[in-house]
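The values are calculated or read from the model by the stated rules, or taken from the named source; none is laboratory data. This is a predicted model, so every value here is computed, not measured. Because the Cβ atoms are built from the backbone with ideal geometry, glycine has one as well, and the counts that use them run over all protein chains shown.
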Amino acid sequence: MTTTAAEPQAPAPQQRRLRTEIPGPASRALQERRANVVAAGVASTLPAYITSASGGLLTDADGNVLIDFGSGIAVTNVGHSAPAVVDHVREQAGLFTHTCFMVTPYEGYVEVCEALAELTPGDHAKKSVLFNSGAEAVENAVKIARAATGRQAVVVFDHAYHGRTNLTMALTAKSVPYKHGFGPFAPEVYRVPGSYPFRDGLDGAEAARVAIDRIEKQIGGDQVAAVVIEPIQGEGGFIEPAPGFLPALSAWCSANGVVFVADEVQTGFCRTGDWFASTRENVVPDLIATAKGIAGGLPLAAVTGRAELLDAVAPGGLGGTYGGNPIACAAALGSIETMRGADLATSARRIQERVLPRLRALASETGVIGDVRGRGAMLAAEFVKPGGVEPDADLTKRVAAACHALGVVVLTCGTYGNVVRLLPPLSLSDELLDEGLSVLEYAIRVEARK
């Protein structure tokens, strides 16, 4: 392992502000209260209790100001407390907070569906249905595909993450902590290899041939209702498939009457430098599941796709009490307004241009980063033991903890627990981005020496 000659120095605080250790005494007191009343199964990455947030900064109960490289797991793409989101929410809350769209509808739901029809890939006739979470969206996409095709089987991929409901747990690959002890799971779910260039060494066409061969031999193309895939895998490790993989799968689906479902819950709404990650290779999903970045922090999700597929479900077959809540719809309209007005897709590409060269240089310097990857503001470093590709989950945890102690919120992920992922708000300033990266670089250099 190579290192620099000089000892690393912690970057001086700028807009980041540390008044206490993190978590500080006020947060620790709240953590004690939490232990008495909150289920132990709910875990928190960093128990610094937040009292306010703005743009790319989080202020905790002790007055510490943290740089946010997590965005609530790719939710606050427009930044915390984005003015248009706040204004739309405030106005709608003063009018009414709920009627249930299935009882007495309202314009905001229709406006969100109109925006989704315009923004999502493809120029075909589209319709949408709104829900509360990404898991709900994915589950309902499967329902729609089964109703439209009359088939049962659903194909998913190694390293996939699709949610925590019973069906989406079955679709998700990783057992601990998402599936362990929660079975039995929904049937007729089949898992095949995906494309993981760092570990499988295959180009996109080769990886697609492996996946399609497995589907045809073990399931049968005429039995498959849907292929469900993240264009860039999220929780599985920010794995971007090799070029050509997604187009080959999409073409196979079209040829075999299979519904191609893109789970863009984490990749959607400018996160990857495009409004949706599928468009990078001109893939047009039949159905697209969205959530997270759609509404600036409020719970909203959608399934959008070919009108004939959505209309294959009989009236009453889709919905939910809170799906498309009017305040969440108002937030989505404010969020979309912000993404358009500030051209946040371009901002995401700017973040990529500033981050990737620094991470790649650090990988060469330290020898503990096996792969640097990602697109837009969905970026990752995969940590390995020096000299090989063996995952190093322990180093990954130490790097994340060191960043947290210095006031930068980073997240980890990956099937092997060895990936640090960066999901800054797309509106984050260059100054805060650079400062947060300096903290990350310092943490990696220090922990790599241990």
**Report entry** Looking only at the stretch 254-268, and only at residues there that are of a type in the set (A, V, I, L, M, F, W, C) and within 23 Å of the chain's Cα centre (by Cα), the one that is surrounded by the fewest Cβ atoms within 10 Å (Cβ to Cβ)
**Finding:** Phe260
Query raised in the report: Taking the condition over 21 Å from Leu437 (Cα atoms), touching a Ser or Thr at 6+ places or on another chain (Cβ under 9 Å) and touching a residue at least 60 places away in the same chain (Cβ under 8 Å), does Ile336 pass?
Result: no
Query raised in the report: Considering the stretch 184-204 alone, what residues qualify as being of a type in the set (Phe, Trp, Tyr) and either over 25 Å from Val384 (Cα atoms) or touching a Gly at 6+ places or on another chain (Cβ under 6 Å) (or both)?
Result: Phe185, Tyr190
Report summary line: Picking from Ala186, Ala170, the residue that is at pLDDT 95 or above and within 20 Å of the chain's Cα centre (by Cα) would be Ala170
Query raised in the report: Residues of the stretch 285-320 being over 23 Å from Cys100 (Cα atoms) and crowded, with 20+ Cβ neighbours inside 10 Å, which ones?
Result: Pro285, Asp286, Leu287, Ile288, Arg306, Leu309
Report summary line: Within the stretch 323-353, the residues that are surrounded by fewer than 16 Cβ atoms within 10 Å (Cβ to Cβ) and either on the phi > 0 side of the Ramachandran plot or not acidic (Asp, Glu) (or both) are Arg340, Gly341, Asp343, Thr346
Query raised in the report: Is it true that some residue in the stretch 171-182 is among the charged types (D, E, K, R) and either surrounded by fewer than 19 Cβ atoms within 10 Å (Cβ to Cβ) or in a helix (DSSP H, G or I) (or both)?
Result: yes
Report summary line: Subset of the stretch 412-446, residues surrounded by fewer than 21 Cβ atoms within 10 Å (Cβ to Cβ), in contact with a Lys or Arg (Cβ under 8 Å, 6 or more places away or on another chain) and more than 20 Å from Leu344 (Cβ to Cβ), comes to Thr412, Gly417, Glu435, Glu441
Query raised in the report: When the stretch 106-128 is examined, which residues are found to be within 22 Å of Val89 (Cα to Cα) and without any contact (Cβ under 8 Å) to a residue 60 or more places away in the chain?
Result: Glu107, Val110, Glu114
Query - The one condition in (1) over 19 Å from Asn77 (Cα atoms); (2) within 12 Å of the chain's Cα centre (by Cα) that Ala251 fails to fulfil - result: (2)
